[in-house]
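Heads up, the thing below is written out as structure tokens.
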Amino acid sequence: MKVATIGTGFIVDWFLDAVKQNEGVTCVAMYTRKKEHAQNLADKYDIKDIYEDLEAMLNREDIDFVYVASPDSLHFQYSLQAMQHGKHVICEKPFTSNCREFRILDTYAREHHLFLFEAIVTSHMPNYLTLKEKLPELGTIRMVQCNFSQYSSRYDKFLAGETPNVFSPAFSGGALSDINIYNLHFTIGLFGKPNAVQYFPTIQRGIDTSGVAILKYDGFTSVCVGAKDTRSRCMAQIQGEKGYAVVESETSKCAVLKIYKDGKEENLTLPQNDIALYYEVKEFNRLFTEQDYTTCYQKLEYSRTVMEVYEAARKDGGIIFDADHIA
């Protein structure tokens, strides 16, 4: 499985580390608007070819997958362009800016028999998969709480009057899209699509710097807190009538998993790779090797559900992206 990357942020560094650790997966090329932006990563991971011309990279016949880690607003454009060149795609979360863009990518992938994956680490973490298995032991679920709060390294610039991409409606940024999306995935991956969704954001200059998403299910509510303007202890808790489960970390990594029943603590934590992207790369390589399109498209249905909830929450909170104005 030979991949090429779009983007040069820290997430690309993590992705390339995951690629390096997965046997049978190699990165053969990188695209960036300015070569110097990618040079350090290319040197670190021994990638020979850096392109400033995306078409030239996509015309290479030896590339199987393109990993899209551009600013959120460009996910749709780059993913579609890659597929139009016959490339399979791994696209960072959130998949697209809205459901309209997702539907176009989904349809194109299915019609042209291409793999299209959303790179969301939560779904592939060993401790999250263990939680899924153990969930019935908690009995009837009555409450879910998630908090993923991380003071952004770019927030000070935002307060100073600048508009970093992650805080820009033009680039489909904000706390919901960048950080609370993990809480949505955590909840929806366990319980499916909620009956209703609301979003109560803290809005500054037209973007949410933090917010609380409320997902209503039959018999319980999931409260999803995501903040880029403050810090907090990151955690998730699922409360059932027979016990409760606690994840003592961000919902992206699910680093520590404990279950409490009958006054006893059961530590179910499995050892996990420090590079969370390792597991998703491993799974995508397996599906590609086995040519398992059925599972790929099942994952797309799940991503569709998350996108529908994400867009509903965002619009309920009054957050409109530039991409929403495109018919």
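The values are calculated or read from the model by the stated rules, or taken from the named source; none is laboratory data. As the structure is a prediction and not an experimental result, all values here were calculated from the model. In this analysis, Cβ positions are derived from the backbone assuming ideal geometry, glycine residues included, and neighbour counts consider all displayed protein chains. Remember, those area values only see protein heavy atoms, side chains included, never the ligands or the DNA or RNA. Shrake-Rupley method; radii C 1.70, N 1.55, O 1.52, S 1.80 Å.
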Query raised in the report: In segment 82-215, carbon and sulfur make up what percent of the accessible area (probe 1.4 Å)?
Result: 49 percent
**Report entry** Shape call, segment 85-226: gyration tensor on alpha carbons, a/c limit 1.5
**Finding:** oblate
**Report entry** Separation of the ASN267 and GLU137 label points, Cα + 7 Å toward Cβ, nm
**Finding:** 1.5 nm
Report task. Over every pair of different alpha-carbon atoms in segment 144-286, take the mean of 1/r and invert it; report that Kirkwood radius in Å. Result -> 16.5 Å
Requested in this report: Compute the accessible area per residue over segment 1-89, keeping the other protein chains in place, probe 1.4 Å, unit Å².
Outcome: 46 Å²
Query raised in the report: Of the heavy-atom accessible surface of segment 225-327 (probe 1.4 angstrom), what whole percent is carbon and sulfur?
Result: 47 percent
Query raised in the report: Once Lys and Arg get +1 and Asp and Glu get -1 on their Cβ, which of THR289, TYR244, VAL225 lies farthest toward the positive end of the dipole of segment 178-303?
Result: VAL225
**Report entry** For segment 179-203 versus segment 88-160, the gap between their alpha-carbon centres in whole angstrom
**Finding:** 10 Å
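Would you work out the charge dipole size for segment 51-158 about its Cα centre, treating the Cβ of every Lys and Arg as +1 and the Cβ of every Asp and Glu as -1, and quote it to the nearest 20 debye?
Numbers: 11 positive and 15 negative charges, 122 e Å.
That gives a dipole near 580 debye.
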Requested in this report: List the lysines whose Cα lies under 24 Å from the Cα of LYS44, skipping any in the same chain that are fewer than 8 positions away.
Outcome: LYS2, LYS20, LYS34, LYS35, LYS282
Report task. Please work out the average accessible area per residue across segment 90-195, using the 1.4 Å probe convention, and give it in Å². Result -> 35 Å²
Query raised in the report: Hey, which aspartates and glutamates would be in cross-link range of LYS315, C-alpha to C-alpha under 20 Å, not counting anything within fewer than 8 residues on its own chain?
Result: ASP72, GLU101, ASP178, ASP208, ASP324
Query raised in the report: Can you list the trypsin sites (Lys or Arg not before Pro) in segment 22-54 that are in a DSSP coil and have 14 or fewer other beta carbons within 10 angstrom?
Result: ARG33, LYS34, LYS48
Query raised in the report: Of ASN59, PRO71, HIS112, which is farthest along the charge dipole of segment 54-148 in the positive direction, counting Lys and Arg as +1 and Asp and Glu as -1 at C-beta?
Result: PRO71
Query raised in the report: Which lysines does LYS228 reach when only Cα atoms under 18 Å apart count, and residues fewer than 8 places away in its own chain are ignored?
Result: LYS93, LYS157, LYS253
Query - Where segment 197-327 is the region considered: accessible area per residue in Å², 1.4 Å probe - result: 47 Å²
Report task. State the antiparallel share, in %, of DSSP beta bridges confined to the chain, rounding to the nearest 5. Result -> 55 percent
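Tell me, what is a quarter of the convex hull surface for the C-alpha atoms of segment 230-327, in nm² with one decimal?
Taking the Cα atoms of segment 230-327, their convex hull projects to 10.8 nm² on average.
When the Kirkwood radius is taken over all Cα pairs of segment 15-101, what Stokes-Einstein diffusion coefficient follows at 25 °C and 0.890 mPa s, in µm²/s?
Diffusion coefficient, whole number: 180 µm²/s.
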Query raised in the report: Which of the peptides 188-197, 72-81 is most tightly packed, and how do the rest follow, judged by the mean count of other Cβ atoms within 10 Å per residue?
Result: 72-81, 188-197
Query raised in the report: By how many degrees, between 0 and 90 and to the nearest 10, does the Cα long axis of helix 181-191 differ from the longest principal axis of the chain?
Result: 60 degrees
Query raised in the report: If each Cα of the chain is one equal point scatterer, what is log10 of I(q)/I(0) from the Debye formula at q = 0.08, 0.09 Å⁻¹?
Result: -0.36, -0.46
